[in-house]
Amino acid sequence: MVSVDYPFDTRAGADVDLEGLRLLEKAPLARARLDGGQDVWLALGYQVVRQVLSDPGFGREAATRPGGPVTNPAGANPELLVSMDPPRHTRVRALVAKAFSPRTVERLGPRVGEMVDGLLDELAVQPRPADLVRLLAEPLPILVICELLGVPDADRARIREWAGVLIAETAHTGEEIAAAIGQVDGYLGELIAQRRENPDAALISALIAVNDEAGHLSPSELVSNVQLLLIAGHETTVSQIGNSLVTLFGHPDQLKLLRERPELLPGAVEELLRHSKLTTSTLPRVAVRDVMVGDTLVRAGEAVIPVIAVANRDPAAFPEPHRFDISRTGPAPHVGLGHGPHYCLGAQLAKLELHVAIGGLLSRFPAVWPAVDLDELDWKPGLSTRSVRALPVTW
């Protein structure tokens, strides 16, 4: 079987990698070689991606060990929830998931609306063109996650800076990423100690209280997983808001339909998560035993990278997969937020923020439109995610 280089050497942007689609036409699995020299499987087809993400024959812990598939220059942190397998993953997720319970997200709804209104008030007085990434996509998620967790207002700029390093992995050296991780962990260790002495009503204090009672997490595990909530809980949403707006502007017929029929917004959010390329691939899995994936035998110890962006364009799962259609219906749910035990903890919160941000923008600024050609936009590099740096608009 011919091996390809991964990540694919294609133009960054909101659309899917053409090389991945060409490989999918041949087979749902392909062999690839990472920049670090490791040979891996790429899971490209919708069904095989779902299998790899849910089959207990594939594990995350093995992928974090020395010699495992490296997709982050700083390596993997085995204490993060996303690096764990059951039963450890099951008990830790049950604790950390309290931060994103349906009741918590529902309670946040009105507050998120207030935050969006405030940001749009600021947008309204800006000279044109104005940057929607800087004025809406970046500030909203950090306001939300910091309020949810109880991070002081004065510290939010530092959190944003650290998050930018940790998410855009390929734009930074392993040393830079390790330094940012150390700074975040040091900050959170101090904040957790403060909240243990002086608890408030936010979720860091709640996690400390539950953990102190049940003893589910070591001190370092608690710090690492609060870091996961804080960084992953806002930075990916920053990127998804920006990418979603680029996708809408790139499909003026669908943007017009959404303006005319705002009741389509929930379905539009799902279609944006499927169609716009935020997550190119997700974290590698390693086979813990021989597993048949479709017609291919993946042997124990071999690594598989699920390529989410390609799976979400698989014609076997999505009719006319490259057509962006906010009224799309069908039996196949997208895998833009993952699948299986590691399905995104913050999925409902991310959807809420997308819904309120996009709906508020189109309601308050019905004539909003890009001030530059979309082909001129600059994109942040990254192996697992891809996001627009700035989105200047006028109205």
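The values are calculated or read from the model by the stated rules, or taken from the named source; none is laboratory data. Please read these numbers as outputs of a predicted model, since none were measured by experiment. Every residue, glycine as well, gets a Cβ built from its backbone with ideal geometry; the counts of neighbours run over all protein chains shown.
Report yes if residue 234 is surrounded by 17 or more Cβ atoms within 10 Å (Cβ to Cβ) and farther than 29 Å from residue 92 by Cα, otherwise no. Against the criterion (surrounded by 17 or more Cβ atoms within 10 Å (Cβ to Cβ) and farther than 29 Å from residue 92 by Cα), residue 234 does not qualify. From the list 241, 167, the one residue that fits, being in contact with an Asp or Glu (Cβ under 9 Å, 6 or more places away or on another chain), at pLDDT below 90 and within 21 Å of residue 347 (Cβ to Cβ), is 167. Please enumerate the residues belonging to segment 332-355 that are among the small types (Gly, Ala, Ser), more than 22 Å from residue 88 (Cα to Cα) and either outside any helix (DSSP H, G or I) or modelled with pLDDT of 95 or more (or both). Within segment 332-355, 332, 336 meet the criteria.
I'd like to check something: does segment 376-395 contain any residue that is without any contact (Cβ under 8 Å) to a residue 40 or more places away in the chain and of a type outside the set (Asp, Glu)? Before you say what the answer is, go through the steps one by one.
Going through segment 376-395, the residues without any contact (Cβ under 8 Å) to a residue 40 or more places away in the chain turn out to be 376, 378.
Cutting the leftovers down to of a type outside the set (Asp, Glu) gives us none.
No, segment 376-395 contains no residue that is without any contact (Cβ under 8 Å) to a residue 40 or more places away in the chain and of a type outside the set (Asp, Glu).
Of the residues making up segment 262-305, those that are part of a loop (DSSP other than H, G, I, E, B) and more than 29 Å from residue 322 (Cβ to Cβ) are 288, 289, 290, 299, 300, 301, 302.
If you check residue 95 against the conditions, is it of a type in the set (A, V, I, L, M, F, W, C) and either under 29 Å from residue 246 (Cα atoms) or outside any helix (DSSP H, G or I) (or both)? Give the derivation first.
Working: of a type in the set (A, V, I, L, M, F, W, C): yes; either under 29 Å from residue 246 (Cα atoms) or outside any helix (DSSP H, G or I) (or both): no.
No, not satisfied.
One line per residue, one yes/no per condition, for (1) surrounded by 22 or more Cβ atoms within 10 Å (Cβ to Cβ); (2) within 26 Å of residue 33 (Cα to Cα):
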{"residue": "266", "(1), (2)": "no, no"}
{"residue": "277", "(1), (2)": "yes, yes"}
{"residue": "290", "(1), (2)": "no, yes"}
{"residue": "301", "(1), (2)": "no, yes"}
{"residue": "311", "(1), (2)": "yes, yes"}
{"residue": "319", "(1), (2)": "no, no"}
{"residue": "327", "(1), (2)": "no, no"}
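Are any of the residues in segment 94-116 more than 18 Å from residue 360 (Cβ to Cβ), modelled with pLDDT of 85 or more and surrounded by 13 or more Cβ atoms within 10 Å (Cβ to Cβ)? Looking through segment 94-116, none of the residues is more than 18 Å from residue 360 (Cβ to Cβ), modelled with pLDDT of 85 or more and surrounded by 13 or more Cβ atoms within 10 Å (Cβ to Cβ).
Here residue 309 fulfils each of the conditions (1) modelled with pLDDT of 95 or more; (2) more than 16 Å from residue 241 (Cα to Cα); (3) of a type outside the set (S, T, N, Q) apart from (1).
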